[in-house]
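Please read the structure below before turning to the comments.
The values are calculated or read from the model by the stated rules, or taken from the named source; none is laboratory data. A quick note: this is a predicted structure, and the numbers were derived from the prediction, not measured. Note: ideal-geometry Cβ built from the backbone for every residue, glycine included; neighbour counts use all protein chains shown.
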Amino acid sequence: MTIASADLRERLTAVCASPYLLLCSDYDGTLAPIAASPDAALLGADSATLLTALAHSPNVRVAIISGRPLHDLQRHSRLEPPVLLVGSHGAESSRHAAAALTDTQASDLTRLREHVAAMCAGVTGSWVEHKPLGVAIHVRQADPRAADALLSALQHGPAMWPGVYATPGKAVMDLSISARNKGHAIEQLRSEWGTEPTVLYLGDDVTDEAAFRVLGPTDVGVKVGTGASCASHRVTSEADVPALLAFVHACRVAGSVESRR
Ligand SMILES: [Mg+2]
């Protein structure tokens, strides 16, 4: 499989020619197909091999930035250092543990969990995922009208509480007591490296827009699938992502051979 867009191939070639490359990607719907249950969303062998090879390449860093809790992302992706895993929309990573909760945050979180559990109790097919800093309410398996009603009630209820940050996604609502988003995660990765890396970001969901928004004119954002996006480029589905990773890997390998001549 190849990358259909000549414009995207050209931009990726330019990104790969930069001295430092920071490759960041979302997980679900980008590297792994969206599954009825989050437990079934597994990373393909090709992508795992390419991400690992890229992370070992000179002057390349690879980070997977997901809304999943870190431990869950580690378990499902099975990716290991030097691939960096960032969970909870940037609030915890394999390099930095999440900050300890203040007393106020701890009581906000308890109240949020209890309230959301009561709201979901009557909606068959909905379920609540507990995260270190919040909850995610999943409605993929609920009746569509009941799902919409629940998401709307959440949006007009706990999502409006002070100190609660709502991130709507595909058939999911994430409510967190942390204001961190994927854009913050990219800014932190950029500044921690101490270079000025060019960033390539891949993502499929509304939550990835925060990442696309922090990209500069020499960076490249690739929206995976349909839906409005401020990303500069787009591919049809997550089935196109292994070819994109293979293209980037081949460009970096060719570039490092060239630079040794
Ligand atoms: Mg996603």
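Structural remarks
- Restricting the stretch 193-213 to residues that are more than 21 Å from Ser237 (Cα to Cα) and in contact with a Lys or Arg (Cβ under 8 Å, 6 or more places away or on another chain), the residue that is surrounded by the most Cβ atoms within 10 Å (Cβ to Cβ) is Pro197.
- Only one of Gly157, Gly216, Gly183, Gly169 that is at negative phi, buried (at least 17 other Cβ atoms within 10 Å of the Cβ), among the small types (Gly, Ala, Ser) and modelled with pLDDT of 95 or more: Gly183
- If only residues of the stretch 200-238 that are in a helix (DSSP H, G or I) and among the small types (Gly, Ala, Ser) are counted, the one that is farthest from the ligand (Cβ to nearest atom) is Ala210.
- Residue list for the stretch 111-170, restricted to those being in contact (Cβ under 8 Å) with a residue 24 or more places away in the chain and among the acidic types (Asp, Glu): Glu129
- Residue satisfying condition, being of a type in the set (Lys, Arg), exposed (fewer than 12 other Cβ atoms within 10 Å of the Cβ) and closer than 27 Å to Ala40 by Cα, within set Arg78, Arg95: Arg78
- Consider the stretch 23-34 and keep the residues that are hydrophobic (A, V, I, L, M, F, W, C) and surrounded by 24 or more Cβ atoms within 10 Å (Cβ to Cβ). The one that is farthest from the ligand (Cβ to nearest atom) is Leu23.
- Scanning the stretch 44-56 for residues being touching a strand residue (DSSP E or B) at 6+ places or on another chain (Cβ under 9 Å) and surrounded by 19 or more Cβ atoms within 10 Å (Cβ to Cβ) gives a total of 3.
- Test: residue in the stretch 90-109 that is more than 15 Å from the ligand (Cβ to nearest atom), closer than 21 Å to Val241 by Cα and without any contact (Cβ under 8 Å) to a residue 40 or more places away in the chain: no
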